[in-house]
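In what follows, a structure is listed as structure tokens, so that the remarks can point back to it.
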Amino acid sequence: MSNVIQMSNVNPMTNVIAGAGDQVYKKLVYAIQNNNLQRFYPYERVVKLTQQISSVSLLELSNAFRITAEVAIDLYQLALYDIVILADDSGSMTTDSRIDELSAVVEKIAGVASRFDQDGMTLCFLNDAKVSSNLRAADVSSALQKVRFSGRTPIGSVLRQRILHPMVIKKMSHGQLQKPVLVITLTDGEPDSKDDLVKTLQEAKDFNLSTGSTCAAFEFAQIGTDPTAQRFLNELDVHPSIGNIVDVTSSFELEEEEYAKAGATLTPHMWILKLMLGAIDPQYDSADEVR
């Protein structure tokens, strides 16, 4: 039997993944097919991963995000990825309560990541060279307190030099990339060089195409409400070359306005959910999508 997952020829209702595990299995297969991850996840590995993460309480996730179990099951897709956060530590982050907002977002993501992967997630910064690996929610405050928020916003070069090349391309080229990488960039402003960022994302897109797999997925989310950051995100989202490989999430306030225009209400928890899943689940990839 082929190890390429096809819902039509694999019956998930087996003894090892019956019951709640069946929901998890189907959600993983959905994500694998959407993102061309079959290279990383043959059938046997999906079954094993399903067994591992089915112990994560769906009720606890539902309560933590104040969402229904039907929506909370979407979070299990994150188990397929190594999560890397690229956090803006430029001087402008000291404005208003942006550092506190950053801390809250990173802590929430770390809390989810550590539920599905005992290694937690990785946290990098734009200016500070520190890389915090195996980060869990309880470690976030301490990690951020060690960072001096100053400097510029070199998103493109840092994304390429600290994440794309060493964590994705090099590992994949040496057969060492065990999971695809989900990169979540949290920033309060536009990058120093938009062209450099586009060049980096184009390189990532080309690499994904060359491997036939989505080795890296990219989310860009806004901290604060600076209008230049909002314009940057909008431009990135509709860019003719790389707009289709990134997802963008505006600040909660701006996203809330979009939901209101559609006659719906956006909660902070749903905003975080969109931020985490937008780059890997097409159901979350529109800024004004209401579930």
Inset, instruction - Of all residues in region 209-231, count the ones that are in contact with a helix residue (DSSP H, G or I) (Cβ under 7 Å, 6 or more places away or on another chain) and either in contact (Cβ under 8 Å) with a residue 40 or more places away in the chain or assigned to a loop (DSSP other than H, G, I, E, B) (or both). - result: 10
Inset, instruction - Output the qualifying pairs, or none if there are none: Cβ atoms under 8 angstrom, residues six or more apart or on different chains, first residue in region 261-272 and surrounded by fewer than 19 Cβ atoms within 10 Å (Cβ to Cβ), second residue outside any helix (DSSP H, G or I) and hydrophobic (A, V, I, L, M, F, W, C). - result: Ala262/Val290; Ala264/Val290; His269/Ile67
Legend entry - Selection within region 233-263 - modelled with pLDDT of 90 or more and aromatic (Phe, Trp, Tyr): Phe252
Legend entry - Every residue from region 196-220 that is touching a Gly at 6+ places or on another chain (Cβ under 9 Å) and either among the hydroxyl-bearing types (Ser, Thr, Tyr) or on the phi > 0 side of the Ramachandran plot (or both): Thr200
Inset, instruction - Of the numbered conditions (1) of a type outside the set (Lys, Arg); (2) modelled with pLDDT of 95 or more; (3) under 20 Å from the mean Cα position of the chain (by Cα), Gly120 fails exactly one; give the number of that condition. - result: (2)
Inset, instruction - Select from region 80-115 the residues that are of a type in the set (A, V, I, L, M, F, W, C), buried (at least 22 other Cβ atoms within 10 Å of the Cβ) and part of a helix (DSSP H, G or I) and list them in ascending order. - result: Leu80, Met93, Leu102, Val105, Val106, Ile109, Ala110, Val112, Ala113
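The values are calculated or read from the model by the stated rules, or taken from the named source; none is laboratory data. Note that the structure is a prediction, hence the values are computed from the model and not measured. Virtual Cβ from ideal backbone geometry, glycine too; neighbours counted across all protein chains shown.
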